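What follows is calculated from the coordinates using simple rules that are stated; it is not laboratory data. The structure presented is a predicted model; accordingly, all values stated were derived computationally and were not measured. Please note: Cβ atoms are built from the backbone with ideal geometry, for glycine as well, and neighbour counts cover all protein chains shown.
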Amino acid sequence: MDKAAKSANKEAEQIIDWGKAHGIETCFDRAEKIKPCPIGASGACCKVCHMGPCRLVGKNAEEEARGVCGATLPTVAARNFLRMIAAGTAAHSDHARGMAFTLLAVATGQAKDFKITDVRKLYRVAGYLNIEFEGREVNAVAKDVAEKLIEDFGRQRGEINYLKRAPKKTQERWRKWGIIPRGIDREVCETMHRTHIGVDHDPDHLLTQGLRTALADGWAGSMISTDVTDILFGTPQPVKAEASFGIFKKDEVNLVVHGHEPLLAETIVDVVSEPEMTAYAKSKGAKGINLAGMCCTANEVLMRHGIPTAGGFTNQELGIMTGLIDALTVDVQCIMPAIADLSKKFHTKVITTSEKAKIQGAMHIEFDEHRAKEIAREIIKIAIDNFQNRKAYGEHITEKFPVIAGFSHEYIEYMQGGKWRASFRPLNDAIIAGRIRGVVGLAGCDNPRVPSTGLHRFLATELIKHDVLIVSTGCGAAACGTAGYLTPEMALENAGPGLREVCEAIGIPPILHLGACVDNSRILTIASAMAEEGGLSDEIGGMPAVGIAPEWMSEKAIAIGCYFAASGVPVIFGGESPVEASKEVTRILTEVWFERFKGALHFEPDPEKILEMALDYIDKAREALKLKKYEPGKFGAERVLMDMAARREIERAAKPHIGIY
Amino acid sequence: MSKLIASAAIRGAHTLVKQAEELLEKTTAEKGKDFTFEFPDTAFYLPMIYAMTAFPVKTLGDMKVALGMARELLHDEPEDHLWKPYLGEALDSGMATLFAEEILLALKYINGLEPAKDPETGFVYNGFITDTIQRNLGIQLVDGTMPGFAAIIGAAPNDDIAVNIVRELQEKNILTFLSGNVNGNSVTKQLLRNGVELGWDTRIVPLGPDTEHTLYALDWAIRASLIFGGKKPGDYKEHLKYQKDRVFAFAVVLGELDDIIWTTGAGAINMGFPAIADTDIPVIHPTGVCIYEEVDKELDHGKIVQRAIEQRGLKITIEKPPIPVAYGPAFEGERIRKEDMFIEFGGQRTPSLEWVRMKELNEIEDNKVIVVGDGWKEKYEKGGQMPLAIVIDAAGRKMQKDFESIIERKVHHNINEAQGLWHMGQRDLNWIRISSNAKKEGVTLEHIGVIMATMTHHRFKSIVDKVQVTIYTDEKDVLAIQEEARKAYKERDKRLGSLTDEAVDIFYSCLLCQSFAPSHVCVISPERLGLCGAYNWLDGKAAYEIDPTGGNQPIPKGALMDARYGRYTGIDEYLKKASGGAVETLNLYTIMENPMTSCGCFECIIAIIPEANGIMIVQRGHTGMTPAGMKFSTLAGSVGGGTQNPGFMGIGRNFIISKKFLHGDGGIKRIVWMTKNLKEGLKDEFSKRAAEEGVPDLLDKIADETVAEDSEKLLEFLTQAGHPALTMDPML
């Protein structure tokens, strides 16, 4: 990595340099200017009441520091951390709420511009929810499904619907430690209550509620969002697409969808190819309309339609600085308010579309699912009208990289055996035989405080070299995509010999793009299927699997990290720890959680160390499962030859995993 | 690289589906969409399509629907660069291929082109494999005498290699199917040129000259899960898992591979059957679809069979006596025609017998073979005919008098399994031949003794500690021994007659079939033999002594709960455990309430004929209609798979003449219809039983296929004949 590099992405770096030369400030410059507040960054600042803010610092702060009310450092650090979980959970789940209500609107005929695209997935979800579907009207099933899913948000007592999708043993651990969520809103609400001045002060007690809240994100909010999005817009299957700034077209209208919710983006995909739209674009001198994405909205439409992506979080300002974006729609989460001001220097129209989010200086066209197409057309027209205002000003980039994306957990199951033999057996077998050392979920944000996307790139290449299969989501996936890593050739050229053999057999890249950050739920489903398939761990905990978010910055990332930890996956975050100040809280996040759930949440800024820790977790899990010791290039299933007596002993009630394709 | 394989498989599937569509269109234009078709003697329509989709293809119109399903499974070929995943797609294409091939072959049947016939030699291939053959082979599939199945596709580089590969498979007891060709040459032709006997008896079955004919082998395999596994049509995951776990089939591809071979291979891989080739092909080693490598290569023909067997995860233990010819069950079916014969014994031509005697350990010398007779060597060298007595003395701490007949019954197999030796009959009514080829290889009379000693030890280890064989060749010696042996035979028969269910405390289970039918349990009592006909109570007893943890376990019969129906506390307790909870209770002597389950290899089926207040019996192999309105194959479909089906039951042939036969339902007087084959085969014993039941002419009152194939005619006949069932208590 170059010493001065702000981004590991050469094309991004080129735009940053151009900006510098033209006096345009970006998050990279601001990150340099504003250092993180060291007290707040380490979790030692308490501002939950107005007697403070209290700084719990000094010698022996862990034992001796007190706030005005007497709160200790572990209490304060835990409370601060808990509020991050609550915010992250709220973000994903509010997104999910929108999806679930849209499904209900579709089912009841109130959102005519949408339909049930994937009936099979609807039935599968109905199956999870014990909703009868055979011989019933699709919309009637969809209505029941939507209503049942909506219950998860406001449920006051009981347990979330999808609890049973987790392996039995994982559920037992949750039950034992009292972290099964009741309802999403209730957990978020209770977390906010407990962290109010003068309520819950025991760090372990606080953090246990934190896990309950996080599980409401992973196994309810996020999972609901993934499922409903699949039902409405189709379960992803592999698609070929492109990534990076070179996707913008000079002679076409460039309309970019940015943010997280797929409803508007999907509608735009739906109407953008209407002849009237193309004709209108042509009437304004453009050859056509080029729809592109950014951040997680990009991931949603990339996964389902192969819409190209300009990259992740830190690319949003840089995209505008190409001078090629005619309109940029934004909705919720990870939208830098800076883009509104920035866009004024170019011709780009920034359009806020969520009723929940406005930015001063941006145009606001509120999305309403009841008249989705009308709004989509209006936005496209704004982009087209703006095409003529495009100036030469900006740093045009031509570089782009091919991407194979679209790996839903359903397709991952399918790809291992086709319609008739879909299962996770080949993956489990490959892990058992040592062809694949383990699996890493490489996810989370990209971050201007490190050479942006650089940690993702380093870890991605190193891990696959060590025969670790990567599943990737969100801006982690975007980082790999804009690096050109999401190709099957990547396996042939850069993967270890065992992983390479598996990738060749199936025809996959060594890094699988699973979707947006809300689709981390797919990783939970995959891990559960691996446990169900047998031969590895019989719960999610104990799998040779690790989660890594090396460049995280959002509160959603914290919520995700915690639901993985609670589900049994050791998670390593990059950067400085937000609970650094408290040894006790750090101990709970690592040692205590590992003992209880076989998961943990570490913070480690050094990427080399992240790699080392991840491989160590994987190897230890292999050892505990009594799997063949991983040795690069040495693998192969242990051959057990069967005679007749052995055949009679074959388990009578062999239950194959039920596939959907 | 596997992308090449996937591409070829996907391309091949497109080709075959298109071919099938075209031929179907042509045939439909000629015959109409309602034209019906079924493969010869099967209850499973087009078995692959039926098992996977539950869709019964009965007409040309149905074929169109099924081809539509195949078309849905087609995909685009992966691109050269930046390809999308292809494994799932290639496997789907493989399944599309199997569907298309099944329809293509069906259409060829309709057009009179199947079974295929070689235009030059006139050789007729086997074509579709019938349900009957499948069921006939049932017991061999489970007792280890037929542990695996090979499909050889193509042709070996030369005839010798072809013969060697097939001989090696035979010696390993593998059933071998042949199909495909390389520029018109094929293993079938290579074997024919070298005089290798082909057919079911020698376990070398040429299916047809093209790769597509391999489908017949897969159709045979898939019926194992339908027939023995009790898997429901359409439950494809279960079927394919069963195939992968229990049907030990694999392909050996000789010669270059084309798209059709690859795509057929992809179909087979769906079933968990791997392939090995003798050419330098790309390989697929990661496991999970198959248990081990999906595709591998072995360029050394001397190693290819062993490699293939290991690739499938198959364990084969063979015992070969030290004799100069090949040995194994695959040679059992060889015939020796008069022209090929060097010498023969018995067969009403000379006095001849075989006899097993129990001896004390100190009376005999282990593995000693004595040939008695003046100048026997010279006489043997002359060939022609000779008297022969084979006396096998067996001793062992666990040896029992009862086992003599069990050991003796194996003499037939012992001799037949040697290549170039042939045996039929039993006791002093046997007939043995040695072929000129075997003689040329150096087989002498001593080798018969060596075979007996080796195989008796092998088959009855832990019962037999010492075996000594004496072979008499002088007529006077043979006659003297015959005298003695006849006394022993008579005594044995008497003992067998006294063996009743009441006289023993222990019954035996037979779980051999659980390798194929996991929830089926045979309960064998002295008066009810196993439904396959291969295991009676004494067999069970001996097998348990041989291997206390094996497939035959003692069942302490416990208290009799119902004498009429034959329900015992011990059986019920045992069943719950052994069937994995699938069967809770069993009545031994009735068909009406909790009757015995079936694996699928029953010799006969009993079915109730409510109108006649009786039952009918049809044996495996009878292809005609029965008064139950179903053929054997269809009836069998509703009986197998380890479930209890009141009113229907699979039985061993000899159970018909047991006193316990449907004792609770009224016994043999309930039989209103029975095939001619059964009537004639059981005539003497049956008449004896009928007399005991007070209806000496019962056999004449029982209808057969010559008088009735439907219930109306049947009733007519029964009324006329005054069949006792008509006036018995109602069955229902």
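Just from the alpha-carbon atoms, what are the Rg and Dmax of the range B:2-110 in angstroms?
Every Cα atom of the range B:2-110 included, Rg and Dmax give 14.8, 49 Å.
Under a cut-off of 19 Å between alpha-carbon atoms, report the lysines in cross-link reach of B:LYS461, not counting same-chain residues fewer than 8 places apart.
Straight-distance partners of B:LYS461: B:LYS320, B:LYS359, B:LYS368, B:LYS398, B:LYS401, B:LYS410, B:LYS541.
If the cut-off is a Cα-Cα distance under 21 Å, which lysines reach A:LYS10, setting aside same-chain residues fewer than 8 apart in sequence?
A:LYS10 reaches A:LYS20, A:LYS249, A:LYS250, A:LYS400.
Please compute the alpha carbon radius of gyration of the range B:506-727, then divide it by the globular-protein estimate 2.2 N^0.38 Å. Two decimals is fine.
Working: Rg = 17.0 Å, N = 222, 2.2 N^0.38 = 17.1 Å.
So the range B:506-727 has a normalised radius of gyration of 0.99.
Give the aspartates and glutamates whose C-alpha is closer than 20 Å to that of B:LYS683, dropping any in the same chain fewer than 8 places away, or say none.
B:ASP493, B:GLU527, B:GLU603, B:GLU692, B:GLU693, B:ASP697, B:ASP700, B:ASP704, B:GLU705
Among DSSP beta bridges whose residues both lie in chain A, state the antiparallel percentage, nearest 5. Mind dumping the intermediate values first?
Values: 9 of 49 bridges.
Taking every DSSP beta bridge within chain A, about 20 percent pair in antiparallel fashion.
Hey, with R₀ at 30 Å, roughly what FRET efficiency would B:ASN645 and B:ASP562 work out to, going by the Cβ-Cβ distance, to 0.05? It would help to have the intermediate numbers written out before the result.
On the way: r = 20 Å, r/R0 = 0.66.
Given R0 = 30 Å and the Cβ-Cβ separation, E is 0.95.
Could you calculate the FRET efficiency of B:GLU593 with B:ASP700 from 1/(1 + (r/R0)^6), where r is the beta carbon distance between them and R0 is 41 Å, rounded to 0.05? Mind showing how you got there, number by number?
On the way: r = 31 Å, r/R0 = 0.75.
Once the sixth-power term is evaluated, E becomes 0.85.
Consider a paramagnetic label point 7 Å from the Cα of B:MET728 along Cα→Cβ; state which residues of the range B:701-722 have an amide N under 19 Å from it.
Under 19 Å, as judged by backbone N against the label point of B:MET728, lie B:701-705, B:711-712, B:714-722 of the range B:701-722.
Tell me, in nm to one decimal, what length is gained between B:GLN385 and B:ALA480 on full extension, where the rule is 0.36 nm per residue of separation less the Cα-Cα distance?
Working: separation 95, 0.36 × 95 = 34.20 nm, distance 1.90 nm.
Extra length available between B:GLN385 and B:ALA480 comes to 32.3 nm.
Restricting the calculation to Cα positions, tell me the Rg (one decimal) and the Dmax (whole number) of the range B:540-626 in Å.
15.9, 47
Looking only at the protein assembly as shown, where both bridge partners belong to it, what percent of the DSSP beta bridges are antiparallel (to the nearest 5)? Spell out each step's value before the answer.
Details: 50 of 130 bridges.
Of all bridge pairs located within the protein assembly as shown, approximately 40 percent are antiparallel.
So what is Rg over Rh here for the range A:46-139, counting just Cα atoms and using Kirkwood for Rh? Don't jump to the answer; show the numbers that get you there.
Values: Rg = 23.9 Å, Rh = 17.6 Å.
My calculation puts Rg/Rh at 1.36.
Quick one: check the C-alpha center-to-center distance for the range B:149-177 versus the range A:191-236, whole angstrom.
Each part's Cα centre sits 63 Å from the other's.
Residue by residue, what Karplus-based ³J(HN,Hα) values in Hz, rounded to whole numbers, does the range B:338-354 have, using 6.51, -1.76 and 1.60 with θ = phi - 60° and x for Gly and Pro?
Values per residue, Gly and Pro as x: 3, 5, 8, 7, 9, 8, 9, 10, x, x, 6, 8, 9, x, 7, 7, 9 Hz.
How big is the equivalent ellipsoid of the range A:88-129 along its three axes, where each semi-axis is √(5λ) from the Cα gyration tensor, reported in whole Å from largest to smallest? Please report the intermediate quantities before stating the final value.
On the way: eigenvalues 77, 50, 12 Å².
Working from the Cα gyration tensor, I get semi-axes of 20, 16, 8 Å.
In Å and from the alpha-carbon atoms only, list the Rg and Dmax of the range A:401-647.
17.4, 64
What translational D, rounded to a whole number of µm²/s, comes out for the range A:245-387 from Stokes-Einstein when the hydrodynamic radius is the Kirkwood one over Cα pairs, at 25 °C and 0.890 mPa s? Working shown, then result.
On the way: Rh = 14.5 Å.
Roughly 169 µm²/s, to the nearest whole number.
Which cross-chain or sequence-distant (5 or more) residues have an amide H under 5 Å from the amide H of B:PHE507, H modelled 1.01 Å from N in plane?
Counting only residues 5 or more places away or on other chains, the set is B:ILE555, B:LYS557.
Go ahead and estimate [θ] at 222 nm for chain A from helices alone: -39,500 (n - 2.57) per DSSP H run with n ≥ 4, summed, over the residue count, rounded to 500. Write out the running numbers ahead of the final one.
Working: 30 runs with 311 residues, N = 661.
Rounded to the nearest 500, it is -14000 deg cm²/dmol.
Mind checking which helices in chain A clear 27 Å along their axis (Cα) and have mean Kyte-Doolittle hydropathy of 1.0 or more, DSSP H runs only? Mind dumping the intermediate values first?
Values: long enough: A:73-107 (50 Å, 0.67).
Membrane-span-like by this rule: not one helix.
If you bin every alpha carbon distance in the range A:174-247 into 10 Å steps from zero, what whole percent lands in each bin?
17, 33, 22, 16, 12, 1
I'd like to know which of B:PRO206, B:ILE139, B:PHE149 lies farthest towards the positive end of the charge dipole of the range B:132-311, counting +1 on Cβ of Lys and Arg and -1 on Cβ of Asp and Glu.
Looking along the dipole axis, the top candidate is B:ILE139.
Return the Rg/Rh ratio of the range B:132-311 with Cα-based radii and a Kirkwood Rh. Walk me through the intermediate numbers first.
Values: Rg = 15.2 Å, Rh = 16.2 Å.
For the range B:132-311, the value is 0.94.
I need the peptides B:494-505, B:30-41 ranked by packing, meaning the mean over residues of other C-beta atoms within 10 angstrom, with the highest value on top.
Working: B:494-505: 12.6, B:30-41: 15.0.
In decreasing order of mean packing, B:494-505, B:30-41 become B:30-41, B:494-505.
Please state the equivalent ellipsoid semi-axes for the range A:493-633: what are the square roots of 5 times the Cα gyration tensor eigenvalues, largest first, in whole Å? Can you show the working numbers first?
Values: eigenvalues 129, 62, 52 Å².
Calculated on Cα positions only, the semi-axes equal 25, 18, 16 Å.
Which order do the peptides A:356-367, B:123-134, B:336-347, B:91-102 take when ranked by the mean count of other beta-carbon atoms within 10 Å per residue, highest first?
Working: A:356-367: 15.6, B:123-134: 20.5, B:336-347: 17.2, B:91-102: 30.1.
Per-residue mean Cβ counts within 10 Å order the peptides as B:91-102, B:123-134, B:336-347, A:356-367.
Just the number, please: percent antiparallel of the DSSP beta bridges in the range B:506-727, rounded to the nearest 5.
85
Give the calculated FRET efficiency between A:GLU378 and B:ASN183 to the nearest 0.05, with a Förster radius of 45 Å applied to their Cβ-Cβ distance. Present the calculation step by step, with values, prior to reporting the outcome.
Working: r = 68 Å, r/R0 = 1.50.
With a Förster radius of 45 Å, E is 0.10.
Return, ordered by residue number, the residues of the range A:567-583 whose backbone nitrogen is under 15 Å from a label point located 7 Å along Cα→Cβ of A:GLU591.
Correct set: A:582-583.
Which shape class, rounded, prolate or oblate, goes with chain A when its Cα gyration tensor gives a ≥ b ≥ c as root eigenvalues, a/c under 1.5 marks rounded, and past that a/b bigger than b/c marks prolate? Kindly include the intermediate steps, with their values, before the conclusion.
Numbers: a/c = 1.34, a/b = 1.13, b/c = 1.18.
Taking the square roots of the gyration eigenvalues as a ≥ b ≥ c, chain A is rounded.
Please report how far the C-alpha centroid of the range B:350-413 lies from that of the range A:126-179, rounded to the nearest whole angstrom.
So the two Cα centres are separated by 73 Å.
Could you tell me the ratio Rg/Rh of the protein assembly as shown? Both radii from Cα atoms, Rh via Kirkwood. Before the final figure, lay out each step's value.
Values: Rg = 38.1 Å, Rh = 35.9 Å.
When Rh is taken as the Kirkwood radius, the ratio is 1.06.
Report the full-extension gain for the segment A:ARG371 to A:TYR393: residue separation times 0.36 nm, less the Cα-Cα distance, to one decimal in nm. Let's see the in-between values first.
Details: separation 22, 0.36 × 22 = 7.92 nm, distance 3.59 nm.
Length difference between fully extended and current span is 4.3 nm.
For the range A:73-233, what Kirkwood radius comes out of the mean inverse Cα-Cα distance, in Å?
Every distinct Cα pair counted, the radius reaches 16.4 Å.
Check A:ASP643: other-chain or 5+ apart residues with amide H under 5 Å from its amide H, H built from backbone geometry?
B:LYS315
Return a single number: how many Lys pairs in the range B:2-110, at a sequence separation of 8 or more or on separate chains, have alpha-carbon atoms below 30 angstrom apart.
Going through the range B:2-110 pair by pair, I get 20.
Under the Kirkwood approximation applied to all pairs of distinct alpha-carbon atoms, what is the hydrodynamic radius of the range A:149-207 in Å?
Details: mean 1/r = 0.0791 Å⁻¹.
12.6 Å is the Kirkwood radius here.
Using alpha-carbon pairs under 8 Å, 6+ residues apart, how would you state the relative contact order of chain B in percent?
Values: 1601 pairs, mean separation 75.1, N = 732.
Over chain B, the number comes to 10 percent.
Only helical DSSP H runs with n ≥ 4 go in: add -39500 (n - 2.57) per run for chain B, normalise by residue count and round the 222 nm mean residue ellipticity to 500 deg cm²/dmol. Intermediate values should be presented prior to the final figure.
Values: 25 runs with 272 residues, N = 732.
Dividing the helical sum by the residues of chain B leaves -11000 deg cm²/dmol.
State the answer as a single residue: which of A:LEU211, A:VAL199, B:VAL639 lies farthest towards the positive end of the charge dipole of the protein assembly as shown, with beta carbon charges of +1 for Lys and Arg and -1 for Asp and Glu, about the Cα centre.
About the Cα centre, the residue reaching furthest to the positive side is A:VAL199.
Are there any GluC sites (Glu not before Pro) in the range B:387-495 that are in a DSSP loop and have at most 11 other Cβ atoms within 10 Å? List them by number. Don't skip to the answer; put the middle values down first.
Values: sites: B:GLU404, B:GLU408, B:GLU417, B:GLU441, B:GLU446, B:GLU475, B:GLU483, B:GLU484, B:GLU491; in loops: B:GLU417.
For GluC sites (Glu not before Pro) across the range B:387-495 that sit outside H, G, I, E and B with at most 11 neighbouring Cβ atoms in 10 Å, the list is empty.
If you take each beta carbon of peptide A:424-432 and count the beta carbons of other chains within 10 angstrom, what is the mean?
Working: counts 1, 6, 7, 2, 2, 7, 3, 0, 2.
That works out to 3 on average.
Kirkwood hydrodynamic radius, chain B, all distinct C-alpha pairs: what's the number in Å? Don't jump to the answer; show the numbers that get you there.
On the way: mean 1/r = 0.0362 Å⁻¹.
Roughly 27.6 Å, rounded to one decimal.
How far apart, in nm, are the 7 Å Cα→Cβ label points at A:ASP270 and B:LYS33?
My value for the distance between the label points is 3.5 nm.
Using alpha carbon centroids, what distance separates the range B:560-632 and the range A:589-614, in Å?
62
Which entries in the list A:LYS465/A:LYS620; A:LYS240/A:LYS356; B:LYS117/B:LYS241; B:LYS172/B:LYS440 go over 26 Å, if you measure between the two C-alpha atoms of each? Walk me through the numbers before you get to the answer.
On the way: A:LYS465/A:LYS620 19 Å; A:LYS240/A:LYS356 33 Å; B:LYS117/B:LYS241 35 Å; B:LYS172/B:LYS440 24 Å.
Those over the limit are A:LYS240/A:LYS356; B:LYS117/B:LYS241.
Using the Karplus curve 6.51 cos²θ - 1.76 cosθ + 1.60 with θ = phi - 60°, what ³J(HN,Hα) values do you get for each residue of the range B:43-48, in whole Hz, with x for Gly and Pro?
Values, residue by residue: 9, 10, 6, 8, x, 5 Hz.
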